[in-house]
Amino acid sequence: MKKQTLPKLPYSYQELEPAISARIMKLHHDKHHAGYVKKANAALKQLQTEQPNYKQVLKDLSFNLNGHILHSVFWQNMRAYQQNNAPTPTVKKQLAKSFGSFANFKQSFNKTATSVEGSGWGALLKSPTGELQLMQLENHNKLFLNNFSLVLVVDVWEHAYYLDYENNRGQYLQNWWQVVNWDDVAKRLAD
Ligand code: MN
């Protein structure tokens, strides 16, 4: 695998306000995500040495490379804050087909993400046969999701919201819907 690079944010740090502050975005992207990229590259480099410590390399990649992948999707899953942010009619229909209604989907997604124990992610995934499924990802683990694709993910590590919301993860998630990039979700559903 080639050297990984930190992707640029598709918006400025402050454009997600008031759902997510510029301060959080800057720290989250420039420090946390950059750190995962750096450590993933160190692990990939270790693989090219004469006697790699495979156990350590796999552990490092599982955490840091997956962290890099998840954050890269997370940034694209968001866009500038909109008061009346809503899914496209096609997406709404697709979600309603799998979850009964769009309101049900939103409620289930929130429940999934709110109840992650400790650090992790809430995720909407698409199975190889096209079924949509909600899942919790502990830390950054997604190695077990072979052939499932990420459609919509939300970071519920404390670093993603604590500076703005303290321990109120539920409020963070409620406001987060105003920055969901439904055009990106539509693209991932169609892929
Ligand atoms: Mn994060």
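Read-outs throughout are calculated quantities, based only on the coordinates presented, and are distinct from any laboratory measurement. These numbers come from a predicted model, not from an experiment. Note that we place each Cβ from the backbone using ideal geometry, even for glycine, and neighbour counts take in every protein chain shown.
At-a-glance table
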{"read-out": "Region 89-190 - percent relative contact order, Cα under 8 Å, separation 6 or more", "value": "25 percent"}
{"read-out": "Cα gyration tensor shape for region 94-147, rounded if a/c is under 1.5, else prolate or oblate", "value": "oblate"}
{"read-out": "Longest exposed-site-free window of the chain, the sites being GluC sites (Glu not before Pro) in a DSSP loop that have at most 11 other C-beta atoms within 10 Å", "value": "51-116"}
{"read-out": "Enclosed volume per residue, in Å³, of the convex hull spanned by Cα atoms of region 20-76", "value": "62 Å³"}
{"read-out": "Charge dipole (the chain, unit charges on Cβ, about Cα centre) - positive-most of N167, L124, P7", "value": "P7"}
{"read-out": "Local electrostatic count, S12, Cβ distance below 14 Å [Lys/Arg +1, Asp/Glu -1]", "value": "+1"}
{"read-out": "Alpha-carbon Rg with Dmax, taken over region 64-191, Å", "value": "13.8, 40"}
{"read-out": "Segments 63-69, 76-82, 120-126 sorted - mean Cβ within 10 Å per residue, highest first", "value": "120-126, 63-69, 76-82"}
{"read-out": "Taking F148, F74, F105 and counting other C-beta atoms within 10 Å, the order from fewest to most", "value": "F148, F74, F105"}
